[in-house]
Each structure stands twice: as structure tokens, then as C-alpha cells.
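Trainee: Below: one structure in C-alpha cells.
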Ligand SMILES: [Zn+2]
């Protein structure tokens, strides 16, 4: 075994599985990505994830002493089991991804929702590094949310805390979840495309193209991003007041359109300052596509101490507090 301590961080999504091997400072020493066999069920996903980690270990000469998973869906951290997931996954609900991957790799594995892992990555090494209290929001296909208090992810009794995308009152539109008016109906990448299509009466313009149109002064494109930024700001203002959190990090694909999203976001936030009087700071995410894997790795470090006491070092023991993970 290599003398260098590394953990594996995995980002398990509906289309791809990406993984990193990184050290305690968050330095990525190996990284890779494979297609996710989400239609083939949990065991196929586990096999693909384990094979990816093994290939990174072989190419780098490093051996992970623990692994962390950030997975799509609602994840029960205590059991490492998927509690809810989208339809793009077959036989994923009820699957014990944490224990199964632990069996496959032979090391302890912690499992977390991918947005929670995203926030942990940005909190440890990204745009809200140094903050202990932050809200994370991902604007991707859907809208995900996560809350960290005292440096720990707030999971909730069902692993579903922070689901800001499915809070109501922002529109009269039907959400992907079937309910009406959720933040996701205006602020997700898919919604931005749908709202623009409704305005111009034609489908097929990508989010990237709509952002370009907004930059060029297209009124319909600008209105769609204005509505997204306004709704996002209201959700952020509500969450900031509820949790006394003033640092917010926004990631996901729509983050790439930050320049056209930010003006209405800032306008609305300026009119809805937290009652604490402390100004809100909303930051675009910094770690890009690696935030989830890096955050999952950060969440796995305590297991490297608990699960393999023979290799704990003083630095390991002095590591920052982290949520309770699943110990194999
Ligand atoms: Zn919804």
C-alpha cells in the first residue's frame, strides 16, 4: 500500500459516474469518469463505480482507505440506502449503495445526496471555503438544495432537508414532481428552456443559447433569466432568514449563465435583506463538475480514521467535524 493517505470521492448520477482520488487537502491525484448504467439497476451501478475506483488506484499507484459517494436521489445517510430517486434510475430506491460499494471495495463507504456533497465540497475547498454555515443550491436539470450549519450538512430525519427546489409559491406552473408553483418551475435548466419556448412559441433552444441571447439583448431570453433570478432570490431570502445563514453557493449547469442570472437575483435580494441585518453573500460555485466527488471525499475522511484505526494520523484525528457517515 502506498504511504500516502487518499480517499475516493464518487459522484453517481443518472448518466455518468465520476470519481477522484484525493488527499486531505483536497488535491486531486487521479480522476476519471464512466457512463452510469442507471437502467441496469443498483448492482451494475456498484460494479461500475468500484471498477472506476480500482482503475484510478492502478493508474496512480495509490490505494483509497475509504470512499464517499454523492448520489442522485434522497439518501438515508445512516444506512447508506437510497430512499427516493428519479425515473431515470432502475431499481435504485431501496438500494443500499453505501454497504454494497463498501463490500465491493473493501473499505468503509459513506453515502450522501449529491447536492449535500456538492455543498460540502464548496464549503471545504470552493467558493464558500472558510464558512461553517452555508446554503448550497444547484440549478441543473432540476433544482437541488443543501444546508450546512456548524460545518455539518443538515440532513433531516429523512435525508431530505434543503429541498428548496420543491418549495411552492413562485409560479402557477406544474413542477416535475407534479405539484404546482415550485421554485424548480422557473430556475432549473430545463425550466429556463421551457419558459423560453413558451414565450417564442418554439421548442429546442438550449439553455446555453438562451443565455447568449440574453447577453445580446433578446427581451424574451432576458425575461426568462430575470424570472429565474427573482424566484431564486426569494427562496434564498427565505432560507437565509430561517437558518441565519448568509453565505450561499449556486452551482449546476445554469451557474454558467451567472452573468445574466445575477442582476435580477441581486435586485430582489437587495429588497429582501435578512432581518439579522447581515448582508447575504451569494457566490457562483467554483469547483465545477468535481464539487460532488470532492465533497463526497471530504465526507469519507472520518471513516478513514474510524474504519481503519491502524492508519490514523494526528492530522486525521484533528480533521474538521463532519456528518456521521455509514461505517461498514
Ligand atoms: Zn416540485
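The values are calculated or read from the model by the stated rules, or taken from the named source; none is laboratory data. Since we're looking at a predicted model, the values are computed, not measured. Here the Cβ is made from the backbone with ideal geometry for all residues, glycine too, and neighbour counts use every protein chain on show.
Trainee: Return yes when residue 240 is touching a strand residue (DSSP E or B) at 6+ places or on another chain (Cβ under 9 Å), part of a helix (DSSP H, G or I) and closer than 18 Å to residue 143 by Cβ and no when it is not.
Mentor: yes
Trainee: Quick check on the range 62-85. Is at least one of its residues farther than 18 Å from residue 114 by Cα, part of a loop (DSSP other than H, G, I, E, B) and free of Cβ contacts under 8 Å to residues at least 24 places away in the same chain?
Mentor: Scanning the range 62-85 turns up no residue that is farther than 18 Å from residue 114 by Cα, part of a loop (DSSP other than H, G, I, E, B) and free of Cβ contacts under 8 Å to residues at least 24 places away in the same chain.
Trainee: Could you say which residue among 223, 233, 214 is at pLDDT 95 or above, touching a strand residue (DSSP E or B) at 6+ places or on another chain (Cβ under 9 Å), away from the ligand (no atom under 16 Å from the Cβ) and farther than 27 Å from residue 26 by Cβ?
Mentor: 233 is the lone residue from the list that is at pLDDT 95 or above, touching a strand residue (DSSP E or B) at 6+ places or on another chain (Cβ under 9 Å), away from the ligand (no atom under 16 Å from the Cβ) and farther than 27 Å from residue 26 by Cβ.
Trainee: Give the number of residues within the range 26-38 that are in a loop (DSSP other than H, G, I, E, B) and either without any contact (Cβ under 8 Å) to a residue 40 or more places away in the chain or not assigned by TED's automatic domain parsing to the domain that holds residue 113 (or both).
Mentor: Summing the residues that are in a loop (DSSP other than H, G, I, E, B) and either without any contact (Cβ under 8 Å) to a residue 40 or more places away in the chain or not assigned by TED's automatic domain parsing to the domain that holds residue 113 (or both) in the range 26-38 gives 3.
Trainee: Now for a separate question. Quick one: which of 207, 201 is without any contact (Cβ under 8 Å) to a residue 60 or more places away in the chain and under 21 Å from the mean Cα position of the chain (by Cα)?
Mentor: When all the criteria are applied, what remains is 207.
Trainee: Right, here's the next one. Looking only at residues in the range 99-140 that are over 17 Å from the mean Cα position of the chain (by Cα) and buried (at least 24 other Cβ atoms within 10 Å of the Cβ), which one is farthest from residue 17 (Cα to Cα)?
Mentor: 108
Trainee: Name the residue, out of 163, 184, that is closer than 21 Å to residue 242 by Cβ, within 16 Å of the ligand (Cβ to nearest atom) and surrounded by fewer than 24 Cβ atoms within 10 Å (Cβ to Cβ).
Mentor: 163
Trainee: Oh, and also: Which condition number does residue 257 fail, the rest of (1) surrounded by 18 or more Cβ atoms within 10 Å (Cβ to Cβ); (2) touching a strand residue (DSSP E or B) at 6+ places or on another chain (Cβ under 8 Å); (3) under 30 Å from residue 22 (Cβ atoms) being met?
Mentor: Checking residue 257 against (1) surrounded by 18 or more Cβ atoms within 10 Å (Cβ to Cβ); (2) touching a strand residue (DSSP E or B) at 6+ places or on another chain (Cβ under 8 Å); (3) under 30 Å from residue 22 (Cβ atoms), the one that fails is (2).
Trainee: How many of the residues in the range 120-146 are more than 16 Å from the ligand (Cβ to nearest atom), touching a residue at least 60 places away in the same chain (Cβ under 8 Å) and farther than 15 Å from residue 281 by Cα?
Mentor: So the answer is 4.
Trainee: Separate question: State the number of residues belonging to the range 244-270 that are over 27 Å from residue 216 (Cβ atoms), more than 19 Å from the chain's Cα centre (by Cα) and modelled with pLDDT of 95 or more.
Mentor: Of the residues in the range 244-270, 0 are over 27 Å from residue 216 (Cβ atoms), more than 19 Å from the chain's Cα centre (by Cα) and modelled with pLDDT of 95 or more.
Trainee: OK, next. Based on what the data block shows, is residue 170 within 16 Å of the ligand (Cβ to nearest atom) and out of contact with any strand residue (DSSP E or B) (no Cβ under 7 Å at 6 or more places or on another chain)?
Mentor: yes
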